[in-house]
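The values are calculated or read from the model by the stated rules, or taken from the named source; none is laboratory data. Since the structure is predicted, the reported quantities are computational estimates derived from the model, not experimental observations. Note: ideal-geometry Cβ built from the backbone for every residue, glycine included; neighbour counts use all protein chains shown. Protein only, heavy atoms only, side chains kept; ligands, DNA and RNA dropped before computing areas. Shrake-Rupley method; radii C 1.70, N 1.55, O 1.52, S 1.80 Å.
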Amino acid sequence: MDKQQLLASLPSVDEILKSDKGLQWQTVYPRRSLLKAIREVIDQGRQAILKGDLGELSLEEIISDIQRHMEKALEFNLKPVINATGIVIHTNLGRSVLSEEIMENVRKTACSYSNLEYEVEEGRRGKRYSHVRKLLTEITGAEDSLIVNNNAAAVFVCLTALAKSREVVVSRGELVEIGGSFRIPDVMSSSGALLREVGATNKTHVRDYEAAINENTALLLKVHQSNYRMVGFTSAVSVNELVALGRKRGIPVMFDLGSGSLIDLKPYGIHIEPTVQETVRAGADIVTFSGDKLLGGPQGGVIIGKAELIEKIAKNPLMRAVRVDKMTLAAFEAVLRCYLDEDKAKEKIPTLNMLLQDPGKIKERAGRIVSRLRKKLGPAFTGSARIDILEDSSQSGGGALPEIEFTTYVVAIRPARISVNALEERLRRGTPPIVARIKDNALLIDTRTIRDTEIDALVKGIVNAL
Ligand SMILES: *Cc1c(COP(=O)(O)O)cnc(C)c1O
């Protein structure tokens, strides 16, 4: 056949729609997506014929191509991924995982009308943030609280509300970039507050803050260094010292804790200093932290502190632009309720549970994965890859605890027939995608962040890729 005959042999959109398969598709797929897939497949066939890459196309081939297109088109863009990196608070993979139990509260509230801004007892308008206020003050010891869209918004709205056109004193050692576009000097200038930097990069003293205070000073700000550390000849002013100075000069002290932890993790050898409660006890007037880092909740920014300042922030018009949705509040309430009992929090909040896991359990899970792989691969087990369980270390992620290496266990896979890079790529492109890392020419599946419910899909993904 020449090109003209080949082109003429391609079915029309209408013919496909009227075929048995086409009629069946119309009952299950959205018409718009179906038409798009049919046109794309016919067009690809036409292009291939014109280029001379293609002989006659059978109707079966066209139909199965359309089926593949439809399956891809109907897959959600935002979807679950298996996190085999061992990084618990992985910002690119959605930070904190929420438990089914917590999501049940979100589902119930969101799939129905709720008392979001309504006082049922009084029959009048209520306050959106009242549902988490008591929990937050009870857990943290602060006088009052607010929740906004994320911690960046929390810092921004606090600076705007408390320090617009006035000076905020910050140590040069704390003018950090957290990642993405959050840099303290930039946030400061967009908020309208004036940055007054003091001290040197490595050392700042109380006298540096004191010398910078003038009649236009609105705040003394401390920022957690999050994902970086200074070592050697360094010194920083503690929140206690800053509070003492603030009290003496009548200036409020704000602390952006970033990853703020509500639990003292020192018994686990994890020194996060200070915890949210310690910061409040030290007398900080305003404290901000993320909802989805160490707290293990939904994306959000928590603002706690002195009632009078919180009231001032709550009245700022920007609060409306950064306000949170009912689903976020429902998730926050469920997570915060877990914190009323610390042991319950460590067990029920996936972020804490994965971070504080006993290494023995992580190793045991790795063992289960390897024996499942051995069983599934059968006689091919030894021929397709070398698979070992190794001790390794992982980080918490989320800009928290960069100096702490957590002991973990990994399933190390050295494929025999494909390169380790090809294996990594196949896993990443699978359904569900499996994100792992490569080290010393082996693909590492860190079992700290693999949940028991994911083991089946993980094993299947690895077997297919090998
Ligand atoms: C992570 C972090 C932020 C930003 O918090 P988001 O919740 O990501 O907006 C701000 N400040 C510090 C110190 C942080 O660690």
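Scanning the stretch 422-466 for residues that are surrounded by 14 or more Cβ atoms within 10 Å (Cβ to Cβ), in a helix (DSSP H, G or I) and acidic (Asp, Glu) yields Glu424, Glu454.
Which one of the conditions (1) in the same structural domain as Arg323 (by TED's automatic domain parsing); (2) crowded, with 20+ Cβ neighbours inside 10 Å does Gly123 fail to meet, given that it meets all the rest? Every listed condition holds for Gly123 apart from (2). Residues in the stretch 165-180 that are under 28 Å from the mean Cα position of the chain (by Cα) and of a type outside the set (A, V, I, L, M, F, W, C): Gly173, Glu174, Glu177, Gly179, Gly180. Of the residues in the stretch 302-325, at least one is crowded, with 22+ Cβ neighbours inside 10 Å and among the small types (Gly, Ala, Ser).
The helices (runs of 4 or more DSSP H) found entirely in the stretch 165-250 that carry 2 or more residues being within 16 Å of the ligand (Cβ to nearest atom), surrounded by fewer than 17 Cβ atoms within 10 Å (Cβ to Cβ) and modelled with pLDDT under 95 are 184-191. In the stretch 404-412, the condition of being within 24 Å of the chain's Cα centre (by Cα), open to solvent by 20 Å² or more (accessible area, probe 1.4 Å) and among the charged types (D, E, K, R) is met by at least one residue.
Looking only at the stretch 148-163, residues that are of a type outside the set (Gly, Ala, Ser) and either without any contact (Cβ under 8 Å) to a residue 40 or more places away in the chain or within 7 Å of the ligand (Cβ to nearest atom) (or both) come to 3 in all. Against the criterion of being surrounded by fewer than 15 Cβ atoms within 10 Å (Cβ to Cβ), away from the ligand (no atom under 16 Å from the Cβ) and not hydroxyl-bearing (Ser, Thr, Tyr), Leu78 qualifies. Within the stretch 291-346, the set of residues being away from the ligand (no atom under 15 Å from the Cβ) and among the small types (Gly, Ala, Ser) comprises Gly305, Ala307, Ala314, Ala330, Ala334, Ala345.
Among residues of the stretch 215-238 that are not assigned by TED's automatic domain parsing to the domain that holds Gly258, none has a beta-carbon under 6 Å from a residue that is open to solvent by 10 Å² or more (accessible area, probe 1.4 Å) and within 14 Å of the ligand (Cβ to nearest atom) at least six positions away or on a different chain. For the stretch 278-301, the set of residues classified as within 23 Å of the chain's Cα centre (by Cα) and closer than 18 Å to Leu219 by Cβ consists of Val287, Thr288, Phe289, Gly301, listed by residue number. Does Ile418 count as in a loop (DSSP other than H, G, I, E, B) and either surrounded by 13 or more Cβ atoms within 10 Å (Cβ to Cβ) or of a type in the set (Val, Ile, Thr) (or both)? Here the answer is yes, as Ile418 does meet what is asked. Yes or no: Ser394 in contact with a Gly (Cβ under 6 Å, 6 or more places away or on another chain), farther than 23 Å from Lys79 by Cα and either in contact (Cβ under 8 Å) with a residue 40 or more places away in the chain or surrounded by fewer than 18 Cβ atoms within 10 Å (Cβ to Cβ) (or both)? Yes.
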